[in-house]
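Enquirer: Handing you a structure now.
The values are calculated or read from the model by the stated rules, or taken from the named source; none is laboratory data. None of these values were measured; they are calculated from a predicted model. With ideal geometry, Cβ positions are generated from the backbone for all residues, glycine too; neighbour counts draw on all protein chains shown.
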Amino acid sequence: MATYFTADLHFGHANIIKHCDRPFSTVDEMDEHLITAWNSRVRQHDRVYIIGDFMFRNKESPVSYLSRLKGKKHFLLGNHDVKWTKKVDMLHYFETVERFIEISDGQNRLTLCHYPLMSWNHMAKGSYMIHGHIHNNRNAHYFETLRNMPNLLNAGVDINNFFPVKLDDLIINNESFKSGETNHDDKAPVALDSLGIDELNVEIEKGYTDMKEGKVRPASDVFSDMQKDSVNAIRKAQKTFDGVAERLGNPGEDEIQSWVDNVRYGESNNQ
């Protein structure tokens, strides 16, 4: 059973696209991407801590989102979790509902709250404080303080490529965020070398569909966090091609080779 963290999804909130410069054209596109990204990583038995602001000003019912998301969900209330939480039986969809909790993952002590804290329990012993609320905002006066606190971790989707993430990835993504790097580019490319076979299959199928439609994504998008000629990624991809080909109607050898070349070299024969 894996443990994931996420925050500030803002399902149904059209204005968040503009406010946080999210790479989506419509709120429906954003919502579907968030659900697909979530389910590509989380399995039914995994634990997910949602650290506030799950949805806001949504036209769809809360159940329409909650019923589609995998995993055993634990909820930390945020400032936007007022109206929608009154419209659903929270304990039917969440294992726990809190404003603040302290937990352990077996190796690390963790404090969870929607708002970033300047001090928390066992801080001097290397514990982590995981929060949301600030999205990808580096302009607020408090950011200079936060960036010098490496154990203060922002779980917001805007700096975590719109995925729920494990603690190790959360640490890496926060290092990038605090150093000023941009964490998403054109709908959050995925680091495929960190994915399992099932997750990799999703990405392979997306890429093959793009190839058939004449809009192959460059390898720099698909393999954003790894070298283009990554041996591990190529091996994983090749192991899944037979299964993907069978499900997609047995494409011809030339079509498959074209996609293999795109994976390896960032080029396409269909340009």
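Enquirer: Which count do you get for residues in the stretch 127-154 that are touching a Lys or Arg at 6+ places or on another chain (Cβ under 6 Å) and in contact (Cβ under 8 Å) with a residue 60 or more places away in the chain?
Expert: 0
Enquirer: Mind listing just one residue for me: the one in the stretch 1-36 that is among the hydroxyl-bearing types (Ser, Thr, Tyr) and not in a loop (DSSP other than H, G, I, E, B) and, of those, surrounded by the most Cβ atoms within 10 Å (Cβ to Cβ)?
Expert: Ranking the qualifying residues of the stretch 1-36, first place goes to Thr6.
Enquirer: Here's something else I'd like to know. Does Gly180 qualify as being surrounded by 19 or more Cβ atoms within 10 Å (Cβ to Cβ), under 26 Å from Phe24 (Cβ atoms), of a type outside the set (S, T, N, Q) and out of contact with any Ser or Thr (no Cβ under 8 Å at 6 or more places or on another chain)?
Expert: Spelling it out, it is not the case that Gly180 is surrounded by 19 or more Cβ atoms within 10 Å (Cβ to Cβ), under 26 Å from Phe24 (Cβ atoms), of a type outside the set (S, T, N, Q) and out of contact with any Ser or Thr (no Cβ under 8 Å at 6 or more places or on another chain).
Enquirer: Let me ask something else about it. Within the stretch 41-63, is there a residue that is of a type in the set (Gly, Ala, Ser), at pLDDT 95 or above and over 18 Å from His133 (Cα atoms)?
Expert: no
Enquirer: Which condition from (1) part of a loop (DSSP other than H, G, I, E, B); (2) closer than 29 Å to Arg68 by Cα; (3) modelled with pLDDT of 95 or more; (4) not acidic (Asp, Glu) is the one that Trp120 breaks?
Expert: (2)
Enquirer: Next question, about the same structure. Given the structure, is His122 loosely packed, with under 11 Cβ neighbours inside 10 Å and out of contact with any Gly (no Cβ under 9 Å at 6 or more places or on another chain)?
Expert: no
Enquirer: Now for a separate question. Restricting to the stretch 48-101, what's the tally of residues that are surrounded by 16 or more Cβ atoms within 10 Å (Cβ to Cβ) and part of a loop (DSSP other than H, G, I, E, B)?
Expert: 14
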